[in-house]
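Everything below concerns the one structure shown next.
FYI, it's all coordinate maths here, none of it is from the lab. Here the structure is a predicted model, which is why all the values come from computation and not from measurement. FYI the Cβ positions are ideal-geometry reconstructions off the backbone, even for glycines, and counts take in every protein chain you see.
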Amino acid sequence: MPAEIIIVDDGSRDRTREIADQLARELPGVIAVHQENQGIGGAFRTGTARATGEYLMLWPADMPAEPADLAPYAGQFGRADVIVGVRRQRLGYNPLMRFNAWLYPKLVAVLFGLRLRDVNWIHAYRRSLFAQITLTQRGIPMLVEALVRLRDLGASFAEVEVRMKVRLGGVASASRFRVMWRTLTGLLTFWNLRRKERRA
């Protein structure tokens, strides 16, 4: 399956720049882009602007997943416009994170009428449709915003079950209360914006 990998170094302070540049030099189809820290939303916008393939996928480098986990998505290429990964298990989650993982999709369903089992994992989007939407959120709510705006365009959806590996290092930012609060406020900000857009 032909593919391109666009590595967006979003202001990393470790060896990411060095490693990304080396991979881009040594491997065909790998592109390295460097920018100041703009959050996951900014990195995704930068990457999608450089993409040329039929489908786009956002794959944060710290996600506990492997290249083999692409297979369920690839099986839906050409069949659906948006392919949503659904984690079978939430490994390494503390009780608060498990509660949030249960609550968040329900909140999204209430606010936007979007009923999906998992809205915060790896998704694939048909690029021709994705190019028609404008994302306003920079952080985690950007994932929901993309799904909602694509649904509003009439995109077809498919859910695929995927595995999640135990995180080997670092602390998931989603486990921090301030990130949870920022996610909630961002989601409500988008809900309010979309309500105004629909009234205009």
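This ranking places His123, His34 by how few other beta-carbon atoms lie within 10 Å of each, fewest first, which gives His34, His123. In a reduced charge model with +1 at each Lys and Arg Cβ and -1 at each Asp and Glu Cβ, the chain shows a dipole moment near 980 debye about its Cα centre.
Using the Kirkwood radius built from alpha carbon pairs, what does the Stokes-Einstein equation give as D for the range 1-86 at 20 °C and 1.002 mPa s, in µm² per second? Before the final figure, lay out the partial values.
Values: Rh = 14.1 Å.
It comes out at roughly 152 µm²/s.
Candidate values (1) 17.1; (2) 17.8; (3) 18.4 were compared with Kirkwood radius over Cα pairs in Å computed on the shown model; the agreeing label is (2). Each other residue within a Cβ distance under 11 Å of Arg126 adds +1 if Lys or Arg and -1 if Asp or Glu, for a net charge of 0.
Counting Lys and Arg as +1 and Asp and Glu as -1 over every other residue whose Cβ lies under 12 Å from the Cβ of Arg163, the net charge comes to +1.
Add +1 for every Lys or Arg and -1 for every Asp or Glu among the other residues with Cβ under 12 Å from the Cβ of Ala71, and state the total.
Numbers: positive: Arg163; negative: Glu66, Asp69, Glu161.
Counting the neighbours of Ala71, the net charge comes to -2.
The sum of -39500 (n - 2.57) across all DSSP H runs of n ≥ 4, divided by the residue count of the chain, sets its helix-only mean residue ellipticity at 222 nm to -13000 deg cm²/dmol.
When the charge dipole of the chain is built from unit charges on Cβ atoms (+1 for Lys and Arg, -1 for Asp and Glu) and taken about the Cα centre, the candidate among Thr185, Thr136, Phe44 whose Cα reaches farthest toward its positive end is Thr185. Sparsely packed loop sites in the range 15-83 (the trypsin sites (Lys or Arg not before Pro) outside DSSP H, G, I, E and B with at most 11 other Cβ atoms within 10 Å) comprise Arg15, Arg79.
What percent does the relative contact order of the chain come to when contacts are Cα pairs within less than 8 Å and at least six residues apart?
Values: 242 pairs, mean separation 48.9, N = 200.
For the chain, the relative contact order is 24 percent.
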